[in-house]
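Q: Below is one structure. I have some questions about it.
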Ligand SMILES: NC(=O)c1ccc[n+]([C@@H]2O[C@H](COP(=O)([O-])OP(=O)(O)OC[C@H]3O[C@@H](n4cnc5c(N)ncnc54)[C@H](OP(=O)(O)O)[C@@H]3O)[C@@H](O)[C@H]2O)c1
């Protein structure tokens, strides 16, 4: 079930956190996984550990803030592995500030990386996916993109935009058997949330019916399903993986 043997996947932000868990999950399901991010040393370590476990993996250094580097990562994947079946747009950054204190650069940086970077990657992956008449695009968004969040107007705009982008791509590529879906994590224990105080974590946990923060593995499992053959009739959807904290 959910076998990905013979599939080639490109996962952005795979050097740590949720992206690393997604790369491990797809490799465990049999895919060849190309791990992309800016920090090569971390990518090398993730790839080495997947290879040690018997999986197939490779890495490519890529900066989502540079469209040329994103296109080069897609091209390298195609050149080295002959195909691109699964694109997971996971990499993301935050530059949190209240609206009145937020600098225009904070807005541009977050939109540029989290939304435009994903759009460039999708555009680059579209041609090969359409040609092979099979593709899975999975975009990692956020519960705050569904409900809004004070202090994150840039991040929320990017994630809500990515949900809309997912729906448009789903409609545009459906006739070629390419699906596009989003996964919306709630609060997940990674470096991104490591700065939260114990009190803040306890307050969040109180809003979560399942009574705990999520793990990167919780998100990876959802991506592993959406990337599979079995999920072929699901497109344009946002799968909420948030412990029940929002039931949109
Ligand atoms: N953690 C949560 O609670 C949570 C909740 C909802 C949604 N999410 C979303 O889930 C995704 C992963 O989050 P995470 O918590 O795992 O974050 P993380 O631990 O901060 O990891 C972010 C990843 O993205 C890469 N990255 C950042 N900027 C990049 C750029 N310009 N170009 C290429 N790669 C870049 C990082 O590697 P380099 O720095 O080496 O480039 C790293 O691999 C993000 O989209 C985030 O918005 C997270």
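Q: Can you work out which of the residues in the range 8-20 that are surrounded by fewer than 24 Cβ atoms within 10 Å (Cβ to Cβ) and either farther than 21 Å from residue 72 by Cβ or without any contact (Cβ under 8 Å) to a residue 60 or more places away in the chain (or both) is nearest to the ligand (Cβ to nearest atom)? Steps first, please.
A: Quick first cut of the range 8-20, residues surrounded by fewer than 24 Cβ atoms within 10 Å (Cβ to Cβ) only: 8, 16-17.
Subset that is either farther than 21 Å from residue 72 by Cβ or without any contact (Cβ under 8 Å) to a residue 60 or more places away in the chain (or both): 16-17.
On the way: 16: 5, 17: 2 Å.
Checked the range 8-20; the qualifying residue nearest to the ligand (Cβ to nearest atom) is 17.
Q: Hey, another quick one. Examine the range 99-118 for a residue that is surrounded by fewer than 16 Cβ atoms within 10 Å (Cβ to Cβ) and within 14 Å of the ligand (Cβ to nearest atom), and state whether such a residue exists. Give the derivation first.
A: Looking only at the range 99-118, we keep the residues that are surrounded by fewer than 16 Cβ atoms within 10 Å (Cβ to Cβ), and these are 99-101, 103-105, 108.
Then drop every residue that is not within 14 Å of the ligand (Cβ to nearest atom), which leaves 108.
Yes, that holds for at least one residue.
Q: Have a look at 145, 164 and point out the one that is more than 13 Å from the ligand (Cβ to nearest atom), under 30 Å from residue 103 (Cβ atoms) and not in a strand (DSSP E or B).
A: Numbers: 145 fails: more than 13 Å from the ligand (Cβ to nearest atom).
Unique residue meeting the criteria: 164.
Q: Can you find even one residue in the range 163-184 that is under 16 Å from the mean Cα position of the chain (by Cα) and either modelled with pLDDT under 95 or more than 16 Å from residue 122 (Cβ to Cβ) (or both)?
A: Yes, because at least one residue in the range 163-184 is under 16 Å from the mean Cα position of the chain (by Cα) and either modelled with pLDDT under 95 or more than 16 Å from residue 122 (Cβ to Cβ) (or both).
Q: Can you tell which of 195, 211, 244 is within 23 Å of residue 109 (Cα to Cα), over 19 Å from the mean Cα position of the chain (by Cα) and loosely packed, with under 14 Cβ neighbours inside 10 Å?
A: Numbers: 211 fails: within 23 Å of residue 109 (Cα to Cα); 244 fails: within 23 Å of residue 109 (Cα to Cα).
None of the other options fit; the residue is 195.
Q: All but one of (1) over 25 Å from residue 8 (Cβ atoms); (2) without any contact (Cβ under 8 Å) to a residue 12 or more places away in the chain hold for residue 131; state the number of the condition that does not hold.
A: Failing condition for residue 131: (1).
Q: I need the full set of residues from the range 146-164 which are out of contact with any strand residue (DSSP E or B) (no Cβ under 7 Å at 6 or more places or on another chain) and farther than 16 Å from residue 110 by Cα, in order please. Full working, then the answer.
A: Of the residues in the range 146-164, the ones out of contact with any strand residue (DSSP E or B) (no Cβ under 7 Å at 6 or more places or on another chain) are 147-150, 152-161, 164.
Once the filter is applied, which keeps residues that are out of contact with any strand residue (DSSP E or B) (no Cβ under 7 Å at 6 or more places or on another chain) and farther than 16 Å from residue 110 by Cα, the range 146-164 yields 147, 164.
Q: Would you call residue 144 crowded, with 19+ Cβ neighbours inside 10 Å and under 17 Å from residue 18 (Cβ atoms)? Spell out how you get there, then give the answer.
A: Numbers: crowded, with 19+ Cβ neighbours inside 10 Å: yes; under 17 Å from residue 18 (Cβ atoms): yes.
In short, yes.
Q: Would you confirm whether or not the range 133-140 contains a residue that is part of a helix (DSSP H, G or I) and either in contact with a helix residue (DSSP H, G or I) (Cβ under 8 Å, 6 or more places away or on another chain) or surrounded by fewer than 20 Cβ atoms within 10 Å (Cβ to Cβ) (or both)?
A: Let us first name the residues in the range 133-140 that are part of a helix (DSSP H, G or I), namely none.
No, every residue in the range 133-140 fails to be part of a helix (DSSP H, G or I) and either in contact with a helix residue (DSSP H, G or I) (Cβ under 8 Å, 6 or more places away or on another chain) or surrounded by fewer than 20 Cβ atoms within 10 Å (Cβ to Cβ) (or both).
Q: To continue, here is another question. Report yes if some residue within the range 30-47 is away from the ligand (no atom under 13 Å from the Cβ), out of contact with any strand residue (DSSP E or B) (no Cβ under 7 Å at 6 or more places or on another chain) and at pLDDT 95 or above; otherwise report no.
A: Looking through the range 30-47, at least one residue is away from the ligand (no atom under 13 Å from the Cβ), out of contact with any strand residue (DSSP E or B) (no Cβ under 7 Å at 6 or more places or on another chain) and at pLDDT 95 or above.
Q: Continuing with this model, one more query. Being within 11 Å of the ligand (Cβ to nearest atom) and either in contact with a strand residue (DSSP E or B) (Cβ under 9 Å, 6 or more places away or on another chain) or closer than 24 Å to residue 63 by Cβ (or both): is that true of residue 138 here?
A: Working: within 11 Å of the ligand (Cβ to nearest atom): no; either in contact with a strand residue (DSSP E or B) (Cβ under 9 Å, 6 or more places away or on another chain) or closer than 24 Å to residue 63 by Cβ (or both): yes.
No, not satisfied.
Q: Just give me the residues in the range 151-174 being touching a helix residue (DSSP H, G or I) at 6+ places or on another chain (Cβ under 9 Å) and surrounded by fewer than 18 Cβ atoms within 10 Å (Cβ to Cβ), in sequence order.
A: 151, 157, 172
Q: Considering only helices (runs of 4 or more DSSP H) fully contained in the range 179-248, which possess at least 1 residues that are under 29 Å from residue 85 (Cβ atoms) and touching a helix residue (DSSP H, G or I) at 6+ places or on another chain (Cβ under 9 Å)?
A: 191-194, 216-226
The values are calculated or read from the model by the stated rules, or taken from the named source; none is laboratory data. Predicted, not measured: the structure shown is a model, and the values here were computed from it. Quick reminder, even Gly has a Cβ in these numbers, built from the backbone with ideal geometry, and neighbours come from all protein chains shown.
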